[in-house]
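Heads up, the thing below is written out as structure tokens.
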Amino acid sequence: MPCTLKQTRSFNARLKEIVKEFPQSQGSIAKVIENLPSNPESGDLYPGFALLKVRKLRIPLREYGIGKSKGLRLIYLTDPSKMHIRPLVLYHKPAFRSEQHILNLVLEALREIAEELEARL
Amino acid sequence: MATPLESRMNVCRAFSVDLEETLAGMAAQARWALLKSPITLFRLIKHHLQSRKARTIVRGAMEMCEIACDHADCLEGIHGNVALVRDNYLKVVSVAEKLPVASLLKPLLEEELGHWDDLVEDCVVGSSHEFRSFVNRISRNT
């Protein structure tokens, strides 16, 4: 059974920005995100978590002649027991040495989900 | 006697030390590749093959890790060397642009640089205490 995709408001806003930047790739980006539930283990794994898994997927922008290495990155959270997938951050990787900026984006996305879940309790 | 979990952690630590030595060796070789000598091309090809092998080992270990830990010391431990390899790759790519013989390999070098930069990102994100604490917080409330 495929997982359920749960997108946050900030992720959707980020997705809109990326699509604005790469309009010709709108279809292929949407397809990658739609296919995530049926292939949740497609990205590289961040180790050390037992219940939830965090992965990073490299997405090429073929319409612009951009391969995986200079394409988009999608960091997402999966909950194998509840079959949920939460995309965290989608970003373009044009420059190197931007790890601190990426970490801040990921922390912001995680904070939003954590607060949303705690508000529901 | 070590519990199964402890022995797995020991294997993990031993691997981490091994990897640090391999990556430090690679970083040193990357510096040599900067020399404008006729053997640069051969060095770059050899280096490229070693680099792919090292990346596969790191990614493979990350994929196999099923131990829950609060600290991810393994990622923190290899971060310095992974970043060193990435930084040296940046230098190699910029020098390769100026060397006709090495420029043939530029697309391969750039691709490899992208992989190492991703690995640096993953080490920084994965070993962040704040990141781990948020994921664990979500895990408790999900």
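Give me, ordered by chain and number, the residues 5 or more places off A:Ile66 or on other chains with an amide H under 5 Å from its own placed amide H.
Under 5 Å from the amide H of A:Ile66: A:Leu61.
Step through the residues of region A:101-111 one at a time and calculate ³J(HN,Hα) from phi using the Karplus curve (6.51 cos²θ - 1.76 cosθ + 1.60, θ = phi - 60°), rounding each to whole Hz and writing x for Gly and Pro.
Rounded to whole hertz, the list is 5, 5, 4, 4, 4, 5, 4, 4, 5, 5, 4.
At 1.4 Å probe size, what's the solvent-accessible area of B:Lys98? Round to the nearest 10 Å².
Estimated to the nearest 10 Å², B:Lys98 gives 150 Å².
Just order B:41-54, B:105-118, A:29-42 by mean Cβ neighbour count inside 10 Å, highest at the front, would you?
B:105-118, B:41-54, A:29-42
Run through region A:70-121 and list the trypsin sites (Lys or Arg not before Pro) located in a DSSP loop whose Cβ has at most 13 other Cβ atoms within 10 Å.
Qualifying residues, ordered by number: A:Lys82, A:Arg97.
Per-residue ellipticity at 222 nm for chain A, helices alone: DSSP H runs ≥ 4 residues times -39500 (n - 2.57), over residue total, nearest 500 deg cm²/dmol?
-12000 deg cm²/dmol
Based on the Cβ-Cβ distance of A:Gln26 and B:Ser133, what FRET efficiency does E = 1/(1 + (r/R0)^6) give at R0 = 25 Å, to the nearest 0.05?
Values: r = 35 Å, r/R0 = 1.41.
Efficiency, from the Cβ-Cβ distance: 0.10.
Please check which bits of region B:125-142 a label hung off A:Glu116 would reach, taking the label as a point 7 Å along Cα-to-C-beta and the cut-off as backbone N under 20 Å.
Of the residues in region B:125-142, B:131-142 have backbone N under 20 Å from the label point off A:Glu116.
Based on the alpha-carbon gyration tensor of region A:68-121 and its eigenvalue square roots a ≥ b ≥ c, which shape applies: rounded if a/c is under 1.5, prolate if not and a/b is larger than b/c, or oblate?
Oblate.
Just counting partner chain Cβ atoms within 10 Å, what average do the residues of peptide B:125-131 show around their Cβ?
Rounded to a whole number, the mean comes out at 6.
Near the amide H of A:His84, under 5 Å away, which other amide H atoms are found, from residues 5 or more places off or on another chain, if H is placed in the peptide plane?
A:Thr4, A:Asp79
Length gain on complete extension for the stretch A:Arg9 to A:His92, per 0.36 nm per residue less the alpha carbon to alpha carbon distance?
So the extension gain works out to 28.0 nm.
Find how many whole Å separate the alpha carbon centroid of region B:108-138 from the alpha carbon centroid of region A:1-25.
Their Cα centres are 21 Å away from one another.
In a shell of Cβ-Cβ distance under 14 Å around A:Ser10, excluding A:Ser10 itself, what net charge do Lys and Arg (+1) and Asp and Glu (-1) give? Present the calculation step by step, with values, prior to reporting the outcome.
On the way: positive: A:Lys6, A:Arg9, A:Arg14, A:Lys16, A:Arg86, A:Arg111; negative: A:Glu17, A:Glu108, A:Glu112, A:Glu115, A:Glu116.
Counting the neighbours of A:Ser10, the net charge comes to +1.
Got a sec to turn the phi values of region B:91-96 into Karplus ³J(HN,Hα) couplings, 6.51 cos²θ - 1.76 cosθ + 1.60 with θ = phi - 60°, whole Hz, x for Gly and Pro?
Per residue, the Karplus-derived 3J(HN,Hα) values read 5, 4, 4, 5, 6, 4 Hz.
Calculate the dipole size of chain A relative to its Cα centre from +1 charges on Lys and Arg beta carbons and -1 charges on Asp and Glu beta carbons; express the result in debye to the nearest 20.
Numbers: 20 positive and 13 negative charges, 64 e Å.
Roughly 300 debye for chain A.
Carbon-plus-sulfur fraction of the accessible area of chain A, 1.4 Å probe, in percent?
Answer for chain A is 52 percent, counting heavy atoms of protein chains only.
When the Karplus curve 6.51 cos²θ - 1.76 cosθ + 1.60 is applied with θ = phi - 60°, which whole-Hz ³J(HN,Hα) does each residue of region B:75-80 get, with x for Gly and Pro?
5, 5, x, 8, 3, x
Label-point separation (nm) for A:Asn39 and B:Thr56, each offset 7 Å from Cα along Cα-to-Cβ?
Between A:Asn39 and B:Thr56, the label points sit 2.1 nm apart.
The values are calculated or read from the model by the stated rules, or taken from the named source; none is laboratory data. Values in this document were obtained by computation on a predicted structure and should not be read as measured data. Neighbour counts run over all protein chains shown; Cβ positions are idealised from the backbone, glycine included. Surface accessibility is based on the protein's heavy atoms, side chains included, excluding ligands, DNA and RNA. Shrake-Rupley method; radii C 1.70, N 1.55, O 1.52, S 1.80 Å.
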